[in-house]
Amino acid sequence: MKKQIGILGGMGPEATSELFSLIIKNTKAQNDQDHVPVLIVNNPKIPDRSAYIHGKGPSPVDMLVEGAVKLEKMGADFILIPCNTAHLFIKQIEKNIHIPIIDMIKETALYVLHKYPEIKTYGLLSTSGTYETGIYKNTFADIDLMIIDPDIDYQRQNMTAIYGKQGIKAGFKTEPFKILLQSVENLEKNGVRAIICGCTEIALVVKQSHIKIPLINPLQILAVRSIQLAGYSLSTT
C-alpha cells in the first residue's frame with residue numbers, strides 16, 4: 001500500500017525545500033503521477049532549538065507538536081523532520097500523534113554502518129545544540145561507531161557559519177563555505193575518516209566535490225528512506 005510523506009519543516013525553510021527536492025530527484029518517475037504525495041508544514045516561527053538548549057529561548061516543543069498533529073490530520077502516514085537538533089524532541093512529539101517519525105540520525109547511523117563498514121570514526125559538523133546534546137554520539141555509539149566533534153574554536157565558527165550575519169540562514173554561502181572547510185581540516189587532523197553534515201544547512205554549502213574523504217548527507221539518506229517507506233521506487237540516476 002502506498003503512503004503519504006509528511007514533512008515537519010521551517011527549521012530552516014531552505015532545508016525543508018531541499019528535502020522535498022531530494023525526494024523528487026530520487027523517485028523513479030516517468031510522469032507526475034509516479035511521484036510520492038508529500039504534505040509539508042513549513043513553520044519558520046518554531047523557536048530556535050539550539051537557543052532553547054542553551055537556556056536562551058522558549059521551547060520549540062509546542063509548535064513541533066502542533067505541526068505534527070496538523071500533518072497527521074492532513075493524511076500523512078509518517079513524518080520527516082529536516083532539522084537535526086529537533087530530533088532531540090521526537091519522543092515528546094510522538095506522544096501526541098499516532099503516526100511514526102522517521103529518525104534521521106538513526107537512519108544515518110545504519111546507512112554508514114552498511115555503506116562504510118571499514119570506517120569507525122566520523123567527524124561531525126553541526127550546531128552547538130546538536131554537539132551538546134550528543135544525539136549523534138549516543139546513536140552512533142549504540143552500534144560501536146565513534147563521533148568526533150571539531151575543537152571548540154571550530155565549533156564556535158560553525159555556529160557563525162550557520163547563524164551569523166553572513167551565515168547560511170541569512171542566505172549567504174561564500175563565508176560559511178570557507179569556515180566549514182576549516183572545520184573539516186580540523187577534523188581530518190584529529191583522525192576522522194568521513195564527515196557527517198549534522199546540520200541540514202551545512203549540506204547546502206559543503207558538497208562531496210569539496211573534500212577528499214566521504215561526506216555523509218543525512219538529508220539525502222532520509223529522502224531515500226522515505227521513498228522506500230512510502231512504497232515507491234528509487235531513481236537509478
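The values are calculated or read from the model by the stated rules, or taken from the named source; none is laboratory data. Just so it is clear, the structure is predicted and the values come from calculations on it, not from any experiment. Every residue, glycine among them, receives a Cβ derived from its backbone with ideal geometry; neighbour counts consider all protein chains shown.
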| field | Count of residues meeting criterion [touching a residue at least 12 places away in the same chain (Cβ under 8 Å) and either in contact with a Gly (Cβ under 6 Å, 6 or more places away or on another chain) or not polar (S, T, N, Q) (or both)] in region 138-155 | value | 12
| request: Kindly check whether there is at least one residue in region 84-102 that is part of a helix (DSSP H, G or I), touching a residue at least 40 places away in the same chain (Cβ under 8 Å), touching a strand residue (DSSP E or B) at 6+ places or on another chain (Cβ under 6 Å) and closer than 20 Å to Leu222 by Cα. | output: no
| field | Cβ-Cβ under 9 Å pairs, at least 6 apart or on other chains, region 175-191 side under 12 Å from Leu124 (Cα atoms), far side polar (S, T, N, Q) and in a helix (DSSP H, G or I) | value | Leu180/Gln157; Leu180/Asn158; Ser183/Gln155; Ser183/Gln157; Ser183/Asn158
| Residue that is surrounded by the most Cβ atoms within 10 Å (Cβ to Cβ) [pool: residues in region 110-125 that are assigned to a helix (DSSP H, G or I) and in contact (Cβ under 8 Å) with a residue 24 or more places away in the chain] | Val112
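From the list Glu107, Glu66, which residue is assigned to a helix (DSSP H, G or I) and either touching a Pro at 6+ places or on another chain (Cβ under 7 Å) or farther than 15 Å from Leu222 by Cα (or both)?
Answer to the selection: Glu66.
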| remark: Within region 149-170, the count of residues that are buried (at least 16 other Cβ atoms within 10 Å of the Cβ) and either of a type outside the set (Phe, Trp, Tyr) or in contact with a Ser or Thr (Cβ under 6 Å, 6 or more places away or on another chain) (or both) comes to 13
| request: Out of the residues in region 206-226 that are touching a helix residue (DSSP H, G or I) at 6+ places or on another chain (Cβ under 6 Å) and free of Cβ contacts under 8 Å to residues at least 24 places away in the same chain, state the one that is farthest from Thr121 (Cα to Cα). | output: Asn217
| So which residues in region 96-122 are in contact with a helix residue (DSSP H, G or I) (Cβ under 8 Å, 6 or more places away or on another chain) and not hydrophobic (A, V, I, L, M, F, W, C)? | Asn96, His98, Pro100, Asp103, Lys106, Glu107, Thr108, Tyr111, Tyr122
| note | All conditions in (1) among the aliphatic types (A, V, I, L, M); (2) assigned to a strand (DSSP E or B); (3) in contact (Cβ under 8 Å) with a residue 60 or more places away in the chain; (4) closer than 22 Å to Ile168 by Cα are true of Met11 except (2)
| Checking His114 against (1) assigned by TED's automatic domain parsing to the domain that holds Ile202; (2) at pLDDT below 95, which single condition isn't satisfied? | (2)
| remark: Among residues of region 207-224 being surrounded by fewer than 22 Cβ atoms within 10 Å (Cβ to Cβ) and touching a Phe, Trp or Tyr at 6+ places or on another chain (Cβ under 9 Å), the residue farthest from Lys28 (Cα to Cα) is His210
